[in-house]
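Below is one structure, written out as structure tokens; the observations come after it.
What follows draws every value from the coordinates through simple rules; no lab data is involved. Predicted model, so just to flag it, every value in this text is computed and none were measured. Neighbour counts are summed over all protein chains in view; Cβ atoms, including those assigned to glycine, are modelled from backbone coordinates with ideal geometry.
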Amino acid sequence: MSEAHRVVVTGMGALSPLGRGVDALWSGLLAGRSGIRRLEGLDLTGQEVDFGGQVPNFDPSDILEAKQIKRLDRFAHFAIAASVEALSSAGLPARLSDAQALGTATIIGSGLGGATTLFEQALSFAAKGAGRVSPFLVPGAIGNMAAGEVAIHVNAQGPSFGPVSACATAGHAIGEAYEAIRRGDAERALAGGSEAALHPVVIAGFNNMRALSRSASSVEGGDPSAASRPFDSARDGFVMAEGAGVLLLERLDLALARGATPLAEIVGYGATADAQFITLPAPGGFGAVRAARRALEKAGRTGGDIDHVNAHATSTPEGDKAELDAIRTILTGATDAAAAAKADRAALRATVTATKGNIGHTLGAAGALGAAATICAMRDNRVHATLNLTDPDPLVGALDIVRGTPRDGEIRLALVNAFGFGGQNAAILLAKWEGR
């Protein structure tokens, strides 16, 4: 493949419950810190869930003017902050010009968009009438404004749109950006997801559908930091969180020409639909298997080549179960979960980790934060442990899920999973950068 058709990651930006910046995310993951705590600034009277993952001490005034902060929803603040960090880490200016501006895409999605803006304005309408609804309601609430506002802020004039596929959103954004560069529609792209939907109505909605963990509510007296338990037998639902992750993707030849050092190469992307259930995954996680196999096919690789998996692993009983089946099937190359269960244990050599034990579920941003953690793991030859995995589900079997302490070891090929309500699946395949 020519360098004009290869796509590398040259920059990353992140906001998570562990703090602002990729360094805060990665150091927190390696240290085994949790960003889950009692939620602040929300009226959760009468609710069963009062904990989650908030981005701590976030102040966008270093990148936005006061009037912009007031006009934009928090999810747009996050997207801009993560994008500025990604550009800076890639050695590019915070505001692009000339050919760089024309060739840069912004493909940044959100599962719920400006939910807080929407609900606040609905309350204003109910209490004060139509005349008091903000003229900024629509541009503040619609989900494409993560991509749109970033494009305006950094002067990126290439393709700009925001995928919306629930918790698979950022995975699809990164994958579609990769494909846009490969086919020549962009030279580089800011790609990922942003979410800031910690609102009482949203929390109530997720809780009433029995999707959230209730183990650490104030009524139960539990520890919020122990509530998100990927792959653990005691898992009882996901922990809602906010955050953003943005990768700077570039065409390889252009990145090298300007002296950039690639952090990793994207070598495959797959997307599928289960086409079965609204919230539950397909039995055996077969939609996830097909997505990963499509990514592997594009890369000319097999499941046996994978060294590491950053699992979607939200800590829901059925979701984690299906993903365990899927990972086993992908790694062994088996026809289905039943056949994979009988495969040689040597085929399950890849390490597996779940980032959501530390940061909760950031919904539309999850795939990008998982990708950032994976790239850091490749760079440092170190996998962070899956927090709160003390009693592994028996379905884990011989899968090598890293727990307790970080694990050293080289990662040359890694799979990042991202799945969403509606049965939407995205798989990103990352290769260690080892030169031309």
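Here the residues Arg38, Arg294, ranked from fewest to most Cβ neighbours within 10 Å of their Cβ, fall in the order Arg38, Arg294.
The shape of segment 115-245 can be summarised by an equivalent ellipsoid whose semi-axes, obtained from the alpha carbon gyration tensor, come to 32, 25, 10 Å from longest to shortest. Spherically averaged projected area of the convex hull of Cα atoms, segment 1-139: 12.7 nm². For segment 282-295, putting each phi into the Karplus relation 6.51 cos²θ - 1.76 cosθ + 1.60 with θ = phi - 60° gives couplings of 5, x, x, x, 5, x, 5, 4, 5, 5, 5, 5, 5, 4 Hz, in residue order, rounded to whole numbers and with x for Gly and Pro.
Hey, how many Å between the Cα centroid of segment 284-332 and the Cα centroid of segment 32-83? Each part reduced to its Cα centre gives a spacing of 31 Å. Fewest neighbouring Cβ atoms within 10 Å first, the residues Thr353, Thr169, Thr45 line up as Thr45, Thr353, Thr169.
Evaluating 6.51 cos²θ - 1.76 cosθ + 1.60 at θ = phi - 60° for every residue in segment 70-80, the Karplus couplings come out as 5, 6, 8, 6, 4, 5, 6, 4, 4, 4, 5 Hz, glycine and proline recorded as x. Length gained on full extension, His5 to Ala234, computed as 0.36 nm times the residue gap minus the Cα-Cα distance: 77.9 nm. Please state, to two decimals, what the Cα-based radius of gyration of segment 268-318 comes to when divided by 2.2 N^0.38 Å (N = residues). It is 1.24. Scaling the Cα radius of gyration of segment 39-90 by the globular reference 2.2 N^0.38 Å produces a ratio of 1.44. Max-minus-min Cα coordinates of segment 343-436 on each principal axis give 39, 31, 27 Å, with the largest extent listed first. Here the sum of -39500 (n - 2.57) over DSSP H runs of 4 or more residues, divided by the residues of the chain, equals -10000 deg cm²/dmol at 222 nm, to the nearest 500. Annotation: segment 268-431 has a Kirkwood hydrodynamic radius of 15.3 angstrom, from the mean reciprocal C-alpha pair distance. A DSSP coil position with no more than 15 other Cβ atoms inside 10 Å describes the following GluC sites (Glu not before Pro) in segment 206-304: Glu220. Amide H contacts of His361 (H built 1.01 Å from N, in plane; Pro and chain starts excluded): Val239, Met240, Ala241 sit under 5 Å, all sequence-distant by 5 or more or on other chains.
The Kirkwood radius of segment 7-257, taken over pairs of alpha-carbon atoms, gives through the Stokes-Einstein law at 37 °C and 0.692 mPa s a diffusion coefficient of 174 µm² s⁻¹.
The orientation-averaged shadow of the Cα convex hull for the chain, equal to a quarter of the hull surface, comes to 19.7 nm².
Expressed as a fraction of 2.2 N^0.38 Å, the value expected for a compact globular protein of N residues, the C-alpha radius of gyration of segment 339-387 is 1.39. Each residue of segment 324-335 was assigned a 3J(HN,Hα) from its phi angle through the Karplus expression (A = 6.51, B = -1.76, C = 1.60, θ = phi - 60°), giving 4, 4, 5, 4, 4, 5, 5, 5, 8, x, 6, 6 Hz with x at Gly and Pro.
Here the dipole of the chain is about 340 debye; that uses its Cα centre as origin and unit charges on the Cβ of Lys and Arg (positive) and Asp and Glu (negative). For segment 302-378, the Kirkwood estimate of hydrodynamic radius, built from reciprocal distances between every pair of different alpha carbons, is 13.2 Å. Summary of the geometry: segment 123-192 and segment 359-436, compared by the centres of their Cα atoms, lie 26 Å apart.
Residues whose amide H lies under 5 Å from that of Phe421, counting only those 5 or more places away or on a different chain, are Cys167, Ala168; hydrogens are built 1.01 Å from N in the peptide plane. Taking amide H as placed 1.01 Å from N in the peptide plane, Leu413 has its amide H under 5 Å from the amide H of Asp307, His308, Lys432, each at least 5 places away in sequence or on another chain. Summarising the strand pairing of the chain, around 70 percent of its internal DSSP beta bridges are antiparallel.
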